[in-house]
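Only the coordinates and a few stated rules stand behind these numbers; no lab work does. None of these values were measured; they are calculated from a predicted model. No Cβ is skipped: glycine too gets one built from the backbone with ideal geometry, and neighbour counts run over all protein chains shown.
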Amino acid sequence: MSDQANQLREEVMKRIHPNASGKKTKVIAVTSGKGGVGKSNVSLNFALSLAALNKKVMIFDLDVGMANIDVLMGVTPKETLISMLEKKLSLNAVIETGVNGLQYIAGGNGIGKILTLTGNQLNHFFQEFGSLQGKVDYIILDTGAGLSYEGIRFLQAADDVFLVINPEPPSITDAYGVLKALHTRNAQLPVKLIVNRSTNTEEAERTARNFQKASAKFLDKSIDVLGWIPDDPIVRKAVIAQSPYLLEYPNSRAAKVIDDLVHTYLDFPSNYKLGVKGFLTKVLFHK
């Protein structure tokens with residue numbers, strides 16, 4: 001790490017106080033072991049359900065190479081997080097407004113550049129992103145599936161990780177690989193399991209139970225189960241319509257379950273760490 005980056009890290013750490021009063025922003029990272037399990041749909045509809053409870057929510061599309069939050073909403077971003085760095089834009093200039101007024105930021109190609117910032121770029125990134133502290137209640141990161149270097153760095157710095165799986169063996173096996181990688185870096189990281197596209201309660205509970213057993217046996221790690229989402233045909237219809245199913249089909253099983261998941265999550269004990277600046281410090285300086 002360069003001397004300049006070291007100096008910036010020290011300045012940032014001086015300003016971070018774990019017990020500081022005031023409103024904090026919670027960072028939730030959503031991931032999966034493999035693509036195609038419905039992770040982005042979960043991220044988007046979960047964010048919309050939170051917002052419906054008068055929570056201030058912002059979603060970041062950090063799925064490298066597979067970014068599709070904007071596609072699911074039927075909108076096109078004008079700027080991205082990467083263009084903010086390359087053009088030295090303010091964060092406000094890259095915040096887009098999606099459906100129901102949901103704020104989101106597209107990651108853009110080359111999101112890994114964030115991990116190699118130096119000097120003025122690093123300072124600009126900290127100042128802009130750090131300005132979100134206390135201005136939103138939740139930042140939801142839709143990260144890439146699998147074990148990319150960038151994805152793991154974002155996940156291990158979050159306050160909470162949602163691990164989305166479905167009952168298919170490849171999904172479960174790959175998700176366990178992600179969990180193991182995260183556990184190696186941060187054994188205390190809270191991970192909550194969501195079983196998506198399950199045909200019934202029995203299948204979902206069996207899938208979650210088996211995953212919990214493997215985690216406890218091989219990693220000595222306890223995993224909370226946030227809930228399960230049914231394999232509802234309206235989800236595909238909503239994707240084709242480029243409209244989140246929570247809005248397109250509000251009375252559907254999937255929509256009602258997402259609302260239930262949000263209420264379940266809000267009933268969990270709060271797990272705030274150091275807010276946005278603490279998240280940034282861990283992403284950029286902790287290997």
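Observations, loosely collected:
- Least to most buried among SER270, SER32, SER252 (fewest other Cβ within 10 Å first): SER270, SER252, SER32
- Charge dipole magnitude, Cβ of K and R +1, D and E -1 - the chain, Cα centre, debye nearest 20: 640 debye
- For the listed residue pairs LYS180/LYS221; LYS56/LYS88; LYS221/LYS256, the alpha carbons are over 18 angstrom apart in LYS56/LYS88; LYS221/LYS256.
- Computed extension length for GLU202-LYS87: 36.2 nm, one decimal, from 0.36 nm per residue of separation with the Cα-Cα distance subtracted.
- Highest-first arrangement of 33-44, 154-165, 88-99, 48-59, where packing means the average Cβ count within 10 Å: 154-165, 33-44, 48-59, 88-99
- Stretch gain in nm, segment ARG185-ASN251, where the contour uses 0.36 nm per residue and the Cα spacing is subtracted: 19.7 nm
- With the largest listed first and rounded to whole Å, the semi-axes of the equivalent ellipsoid of the chain from the Cα gyration tensor are 30, 22, 17.
- Counting only whole DSSP H helices of the chain, there are none at least 27 Å long by C-alpha along their axis and with mean Kyte-Doolittle hydropathy no lower than 1.6.
- Two-site FRET efficiency, ARG236 against VAL71, from Cβ-Cβ distance with R₀ of 22 Å, rounded to 0.05: 0.95
- Cα-derived Rg over Rh, computed across the stretch 161-276 with Rh taken as Kirkwood radius: 1.00
- Beta bridges per DSSP with both ends in the chain, % antiparallel, nearest 5: 5 percent
- Mean ellipticity per residue at 222 nm, deg cm²/dmol - from DSSP H runs of n ≥ 4 across the chain, formula -39500 (n - 2.57): -14500 deg cm²/dmol
- For the stretch 51-118, the Cα gyration tensor yields ellipsoid semi-axes of 22, 13, 11 Å (square root of five times each eigenvalue, largest first, whole Å).
- Here the calculated FRET efficiency for ASP220 and ASN109, from their Cβ-Cβ distance with R0 = 51 Å, stands at 0.85, rounded to the nearest 0.05.
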